[in-house]
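To keep things clear, I will list the structure first and then write my remarks on it.
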Amino acid sequence: MAIKYGRPIELREVSRREGAAVPHALDLTVRPRRNRKAEWARRMVRENVLTTDDLIWPLFLIDGDNKREQVASMPGVERLSVDQAVREAERAMKLTIPCLALFPYTEPSLRDEEGSEATNPNNLVCQAVRAIKKEFPEIGILCDVALDPFTSHGHDGLISDGRILNDETVAVLVRQALVQAEAGCDIIAPSDMMDGRVAAIREGLDRTGLLDVQIMAYAAKYASAFYGPFRDAIGSAKTLTGDKRTYQMDSANTDEALREVELDITEGADMVMVKPGMPYLDVVRRVKDTFAMPTFAYQVSGEYAMIAAAANNGWLDGERAMMESLLAFKRAGADGVLSYFAPKAAERLRSQG
Ligand SMILES: NCC(=O)CCC(=O)O
Ligand SMILES: [Mg+2]
């Protein structure tokens, strides 16, 4: 008997026309709507579930004390001074969000061609890591490794004659990763897309005895228009010269994503990430199916802004669109999502019990 999608195909030919109890009923043996007839029934057959364990919450940091600054292009998202970031860490703990990701707004006076502030052991990110870990050692902290928040030109790497220098940049990224790990960061997340950086960082961490620090590689990171509001948040929107297409991936490609992910796994990545999220769910699915690795997606600032802006205009139900968008990552095979919606989504999940 031929089986398609779990049902014998022959069943489709069975006619029950004779003796039908309901005169106008269609001759249907199979009615998929039966399994959707009530909330309890829908819950029974639900294939994917979003929980607070799936969320990583990115926070933006600024210098100062007791300071919170709205990010104009990300309604509901603020830049936080370190003391305020500690308060949000407490909120994350209460909401059972397992991990925070930290991104600095670097004062323009501290930005230079080489991004030197990135390797300052007392930079804003390192200060925040220490402060959060002191109060809440049980929460995970992920730190981005790349030079863009620190360079005067807004690129993720060192530049010479308009070219991004791969190997020279990798050497700086290793130092950046080490100051973050030494401050207490749990997960190093290289987002720069230089070749060979995962191996170099792993080697640097191991040589320093930081054997348990994990690496989540931004393995397939695309050159995307959806990063716009993030650049506003970290203050690199105005300074960025040119684009990032010589290091971030071409949005037309997916085979290339598999090669990038494979390399990062070989080089020692513990977890891999696809970024952006929603426009690249096909890549998430392929990566998960191919490598069976802990796989994360980044629902980036532009994705957040689209939903938040439409909701603020009353054009869609923002809460429902948020939850639907997050569940889509689970459906695509992701083990977790970095999302600016994390606290709001966690509040909703917890209120639903
Ligand atoms: N390296 C981190 C990012 O580039 C975040 C992008 C975004 O949220 O748009
Ligand atoms: Mg790579």
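The values are calculated or read from the model by the stated rules, or taken from the named source; none is laboratory data. Only a predicted model underlies this, so the values are computations on that prediction, with no experimental measurement involved. A quick note on method: Cβ atoms are made from the backbone with ideal geometry, for glycine too, and the neighbour counts reach across all protein chains shown. Protein only, heavy atoms only, side chains kept; ligands, DNA and RNA dropped before computing areas. Shrake-Rupley method; radii C 1.70, N 1.55, O 1.52, S 1.80 Å.
Computed over Cα pairs, the Kirkwood radius of the chain leads via Stokes-Einstein (0.890 mPa s, 25 °C) to a diffusion coefficient of 112 µm² per second. Residues whose amide H falls under 5 Å from that of L165, counting only those 5 or more places apart or on a different chain, are L158, I159, S160, with hydrogens built in the peptide plane. Extension gain for D255 to T51 (0.36 nm times residue separation, less C-alpha to C-alpha distance): 70.4 nm. For the range 39-50, 3J(HN,Hα) computed residue by residue from phi via the Karplus equation (6.51, -1.76, 1.60; θ = phi - 60°) reads 4, 4, 6, 5, 4, 4, 9, 5, 8, 10, 10, 9 Hz, glycine and proline entered as x. Among the cysteines of the chain, those whose beta-carbon sits 4.7 Å or more from every other cysteine beta-carbon are C99, C126. Given R₀ = 56 Å, FRET efficiency for N122-A25 by Cβ-Cβ distance, to 0.05? That pair, N122 with A25, gives E of 0.15.
Computed over protein heavy atoms with a 1.4 angstrom probe, the accessible surface ordering of E262, E256, largest first, is E262, E256.
Placing R0 at 35 angstrom, the Cβ-Cβ distance between E138 and D317 gives a FRET efficiency of 0.55 after rounding to 0.05. The long axis of helix 318-331 is offset from the longest Cα principal axis of the chain by roughly 90 degrees.
Across the chain, the longest run free of exposed loop sites, meaning chymotrypsin sites (Phe, Trp or Tyr not before Pro) lying outside DSSP classes H, G, I, E and B with no more than 11 other Cβ atoms within 10 Å, spans 6-314. The H on the amide N of V300, modeled in the peptide plane, is under 5 Å from the matching H of G277, M278, each at least 5 residues off or on a different chain.
For the chain, the mean residue ellipticity at 222 nm estimated from helices alone is -11000 deg cm²/dmol, where every DSSP H run of n ≥ 4 contributes -39500 (n - 2.57) and the total is divided by all residues, rounded to the nearest 500. Taking the 1.4 Å solvent-accessible surface of the range 224-313 as the whole, the part contributed by carbon and sulfur is 52%.
Karplus-based coupling profile of the range 108-118, in residue order and whole Hz: x, 5, 9, 8, 9, 4, 9, x, 4, 4, 4, with θ = phi - 60° in 6.51 cos²θ - 1.76 cosθ + 1.60 and x standing for Gly or Pro.
With the highest mean first, a sort of the peptides 21-28, 231-238 on other beta-carbon atoms found within 10 angstrom per residue produces 231-238, 21-28.
Distance between the 7 Å Cα→Cβ label points at L165 and S351: 5.3 nm. Within the range 337-353, find all residues whose amide N lies under 16 Å from a label point positioned 7 Å from the Cα of E39 along Cα-to-beta-carbon. The answer is 348-353, whose backbone nitrogens lie closer than 16 Å to the label point. Our summary gives the chain a relative contact order of 17 percent, counting only alpha carbon pairs under 8 angstrom and 6 or more residues apart.
Computed 3J(HN,Hα) for the range 206-214, one whole-Hz value per residue from the Karplus formula 6.51 cos²θ - 1.76 cosθ + 1.60 where θ = phi - 60°, is 5, 4, 8, x, 8, 5, 8, 6, 7, glycine and proline marked x. Taking amide hydrogens as placed 1.01 Å from N in the peptide plane, the amide H of A101 sits under 5 Å from those of W57, L59, L142, each at least 5 positions away in sequence or on another chain. Please work out the Cα center distance from the range 59-116 to the range 286-342, rounded to the nearest Å. Comparing the Cα centres of the range 59-116 and the range 286-342, I get a distance of 21 Å. Using the Cα coordinates of the range 21-75, the gyration tensor eigenvalues translate into equivalent-ellipsoid semi-axes of 52, 14, 9 Å, sorted from longest to shortest.
Springs between Cα atoms under 10 Å define the GNM used for the chain, and in it the highest mean-square fluctuation of E117, E135, E47 occurs at E47.
The angle between the Cα long axis of helix 124-135 and the longest principal axis of the Cα atoms of the chain comes to about 70 degrees, rounded to the nearest 10. Here's the picture: charge each Lys and Arg Cβ at +1 and each Asp and Glu Cβ at -1 in the chain, and of S251, P104, G115 the one pushed furthest to the positive end of that dipole is S251.
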